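Colleague: Structure provided below as structure tokens; questions to follow.
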Amino acid sequence: MAFPITTLRNFQTPCYIYDTALLARTLDAIHAETAEHDNYHVHYAIKANAHPAVLHQIAAAGFGADCVSGGEIQAALDAGFPAASIAFAGVGKADWEIQLALKAGIGMFNVESVEELEVLNELATSSNTRARISFRINPDIDAHTHDHITTGRAEDKFGIAMEQTVSVIRKAQAMAGIDFQGLHFHIGSQLLVMDDFEALCQRINELQDMLEAEGIHLANINVGGGLGIDYGDPDGHAIPDFHAYFTTFTDNLQLRQGQQLHFELGRAVVAQMGTLLTHVLYIKHGTEKQFVIVDAGMTELIRPALYGAFHKIDNLTAADRTDSVVYDVVGPICESSDTFIKDYTLPETRRGDLLAIRSAGAYGEAMASNYNCRHLPPSHLI
């Protein structure tokens, strides 16, 4: 942790703190890896963290936005993202969301079904405009990640089957309200093995060859996001391996002359900058276990309960203690699943200690809830 304990003690818990300096370094690292490629465009996936100040910082750094709801589109516009840099994905776009996006003049709709295409054409035509679209194609790649966050398998709900690609493109090209621009892919999240992205590149290369044989040329290719972070060592690897990530696409994806390549990174941009602070309420001595009961719960950070996700936990007020104890760290919510981690070694922990649950900048505050009539956690930028 980069912040003095005297500063952190001033915050009422549970709360989130965001390291804006680390966010700036992360954004600079992305710029450094893409600077030589004028045709590379990075869109920040707003679903990871939609804090207004965070969005303002990312927009000011010149990134685009990846949105999956009308609310996210509005948040992007409010934060200063140019409408032309906004891509709108999602399997269930409501009419009002499509109309908002059309009125704003966003850069791209990532269309996920023929049924959506027909509705989009109808709404665009009735508003006397054309919707720029890419089709989200399901490449049938089983990414090496948690079952709940893989999105590119044939049985997943996302995207259009590869064998339907030509027919849906032909359908779109015949529609008055549609401007077909390219293809969109996204195979999953928290991916640390570049082999998964290499497999995606190979699938795209094969698909492009097939489309060109049909006389179809793509102006844009969107490879989604998915780059993971090191949850086990947030200080040692505060910035993800963007070099390996972007180099994988540079070396393996066979882009055509003038093609634009789009990325949609979320977790990799904001996860390590965020920490959930929580105070210890009780140390409960069970028959065989000892429990650290804290004032944060699954209402503040649902990832461990939902995905079995690991987050490193630091006791910020136990620097002078030499004894270690194995604990289950749990929250106050009336659910057995309200557990941050089991059998975890911490310095001897006491009531009133301040704990830091690390790598919580992505899908933490954004997924918080009022369950048990709890207040949403405040957040602070440092």
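Colleague: Please go through (1) surrounded by fewer than 21 Cβ atoms within 10 Å (Cβ to Cβ); (2) over 29 Å from Phe197 (Cβ atoms); (3) touching an Asp or Glu at 6+ places or on another chain (Cβ under 6 Å) for Thr278 and return the number of the only condition it doesn't satisfy.
Modeller: Tallying (1) surrounded by fewer than 21 Cβ atoms within 10 Å (Cβ to Cβ); (2) over 29 Å from Phe197 (Cβ atoms); (3) touching an Asp or Glu at 6+ places or on another chain (Cβ under 6 Å), Thr278 fails exactly one: (1).
Colleague: Of the conditions (1) farther than 30 Å from Ser126 by Cα; (2) in the same structural domain as Asp38 (by TED's automatic domain parsing); (3) surrounded by fewer than 21 Cβ atoms within 10 Å (Cβ to Cβ), Ala219 fails just one. Which one is it?
Modeller: Result: Ala219 passes all but (1).
Colleague: Next question. From the list Gln190, Gln208, pick out the single residue that is on the phi > 0 side of the Ramachandran plot, assigned by TED's automatic domain parsing to the domain that holds Gly225 and either without any contact (Cβ under 8 Å) to a residue 24 or more places away in the chain or of a type outside the set (Gly, Ala, Ser) (or both). Steps first, please.
Modeller: Numbers: Gln208 fails: on the phi > 0 side of the Ramachandran plot.
Exactly one residue qualifies, and that residue is Gln190.
Colleague: Which pairs have Cβ atoms under 7 Å, sit 6 or more apart or on different chains, and link a residue in the range 313-327 that is farther than 23 Å from Asp230 by Cβ to one that is aliphatic (A, V, I, L, M) and surrounded by fewer than 17 Cβ atoms within 10 Å (Cβ to Cβ)?
Modeller: Thr317/Ile5
Colleague: Inside the range 240-265, can you point out the residues that are under 15 Å from the mean Cα position of the chain (by Cα) and assigned to a loop (DSSP other than H, G, I, E, B)?
Modeller: Pro240
Colleague: Scan the range 299-319 and tell me whether some residue there is in contact with a Ser or Thr (Cβ under 6 Å, 6 or more places away or on another chain) and closer than 18 Å to Ala50 by Cα.
Modeller: Yes; the residues of the range 299-319 include at least one that is in contact with a Ser or Thr (Cβ under 6 Å, 6 or more places away or on another chain) and closer than 18 Å to Ala50 by Cα.
Colleague: Another one. Residues in the range 159-174: is at least one modelled with pLDDT under 90, under 20 Å from the mean Cα position of the chain (by Cα) and within 24 Å of Leu255 (Cα to Cα)?
Modeller: For the range 159-174, residues modelled with pLDDT under 90, under 20 Å from the mean Cα position of the chain (by Cα) and within 24 Å of Leu255 (Cα to Cα): present.
Colleague: Note down all Cβ pairs under 7 Å where the first residue falls in the range 276-288 and is closer than 9 Å to Thr13 by Cα, the second is β-branched (Val, Ile, Thr), and they're at least six residues apart or on different chains.
Modeller: If the second residue must be β-branched (Val, Ile, Thr), the pairs left are Leu276/Ile357; Leu277/Thr13; Leu277/Ile17; Thr278/Thr13; Thr278/Val294; Thr278/Ile357; His279/Thr13; His279/Val294.
Colleague: So, restricting to helices (runs of 4 or more DSSP H) that lie completely within the range 1-97, which ones have at least 1 residues that are under 21 Å from Met367 (Cβ atoms)?
Modeller: 20-34, 52-60, 70-79
The values are calculated or read from the model by the stated rules, or taken from the named source; none is laboratory data. Being a predicted model, the structure only gives us computed values, none of them experimental. Methodologically, a virtual Cβ is constructed for each residue, glycine included, from the backbone with ideal geometry; neighbour enumeration extends over all protein chains shown.
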